[in-house]
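Below: the structure, in structure tokens.
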């Protein structure tokens, strides 16, 4: 307990799944948490759960693909708590159908890149303006094994690979300053977002994934990813920056 005492954490996509679990765990560990998502009703539900457990939380509506929304998120966090010590870039969306590059549609490419990659860059850029006042700060990005191995729909894999690149760039840029940046690359996670109708999935893509990955190796729970995020956010990982942590039960080995 209290591994994040006196720290303020901003968590994007904090309305469900991994983001909600991270927010709850961080609050339990003493952090003041700012959670954001596009839908305020779902955010308020998670915020109420955190408050009922004795946590301190600020829900802020934010579409991370819009720089003005991102700046409002940062402004509200600073107004409420005066600092940002931890950023978890978790917000992201999936496309339907698991489309490989030869089947990728313009609208999917634009939507996925705008939110998953550009949105993550917008949030990181805005938060870093405040983090540079800190002696110690941690950015935890949530990418995917798809970004590390290419084993996923094209637009999604490209966006997540970009987040890995952003992680390494940020770690390189701020080495020696006390600001760290690491990335978690989960495999399959048991969340509502990952549940797609099998009949809609691209069969060639699924065949390729089955031939390269051991999909029976295991499915992570949201708690598994939240625990890794807690370690990276805490002072226990002070020596780590620029690292890519794959969490897929060895399915991609």
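Within the range 56-86, the residues that satisfy the criterion of being free of Cβ contacts under 8 Å to residues at least 60 places away in the same chain, in a strand (DSSP E or B), touching a strand residue (DSSP E or B) at 6+ places or on another chain (Cβ under 6 Å) and surrounded by 17 or more Cβ atoms within 10 Å (Cβ to Cβ) are 57, 58, 59, 60. Exactly one residue out of 44, 21 is part of a helix (DSSP H, G or I) and out of contact with any strand residue (DSSP E or B) (no Cβ under 9 Å at 6 or more places or on another chain): that is 21. The number of residues in the range 135-168 being closer than 17 Å to residue 87 by Cβ and either outside any helix (DSSP H, G or I) or more than 17 Å from the chain's Cα centre (by Cα) (or both) comes to 9.
For the range 94-134, a tally of residues being touching a helix residue (DSSP H, G or I) at 6+ places or on another chain (Cβ under 9 Å), in contact (Cβ under 8 Å) with a residue 40 or more places away in the chain and not in a helix (DSSP H, G or I) returns 8.
Considering only residues that are within 26 Å of residue 28 (Cα to Cα) and either in contact with a strand residue (DSSP E or B) (Cβ under 8 Å, 6 or more places away or on another chain) or modelled with pLDDT under 80 (or both), which ones fall in the range 200-233?
If the condition is that a residue be within 26 Å of residue 28 (Cα to Cα) and either in contact with a strand residue (DSSP E or B) (Cβ under 8 Å, 6 or more places away or on another chain) or modelled with pLDDT under 80 (or both), then 219, 220, 221, 222, 224, 225, 228, 229, 232, 233 are the ones that fit.
Answer with yes or no whether residue 179 is in contact with a helix residue (DSSP H, G or I) (Cβ under 8 Å, 6 or more places away or on another chain), surrounded by fewer than 24 Cβ atoms within 10 Å (Cβ to Cβ), over 20 Å from residue 37 (Cβ atoms) and at pLDDT 95 or above. Yes; evaluated as a whole, the condition is true for this residue. Does any residue of the range 102-111 turn out to be crowded, with 17+ Cβ neighbours inside 10 Å, modelled with pLDDT of 95 or more and under 26 Å from residue 28 (Cα atoms)? No, because not a single residue in the range 102-111 is crowded, with 17+ Cβ neighbours inside 10 Å, modelled with pLDDT of 95 or more and under 26 Å from residue 28 (Cα atoms).
The single residue among 20, 16, 27, 5 that is more than 16 Å from residue 122 (Cα to Cα), surrounded by fewer than 19 Cβ atoms within 10 Å (Cβ to Cβ) and touching a helix residue (DSSP H, G or I) at 6+ places or on another chain (Cβ under 7 Å) turns out to be 16.
In the set (1) touching a strand residue (DSSP E or B) at 6+ places or on another chain (Cβ under 8 Å); (2) surrounded by fewer than 15 Cβ atoms within 10 Å (Cβ to Cβ); (3) at pLDDT 95 or above, residue 236 fails one condition alone, (1).
The values are calculated or read from the model by the stated rules, or taken from the named source; none is laboratory data. Since this is a predicted model, take the numbers as computed values, not measurements. Glycine gets a Cβ as well: all are built from the backbone with ideal geometry, and neighbour counts include every protein chain shown.
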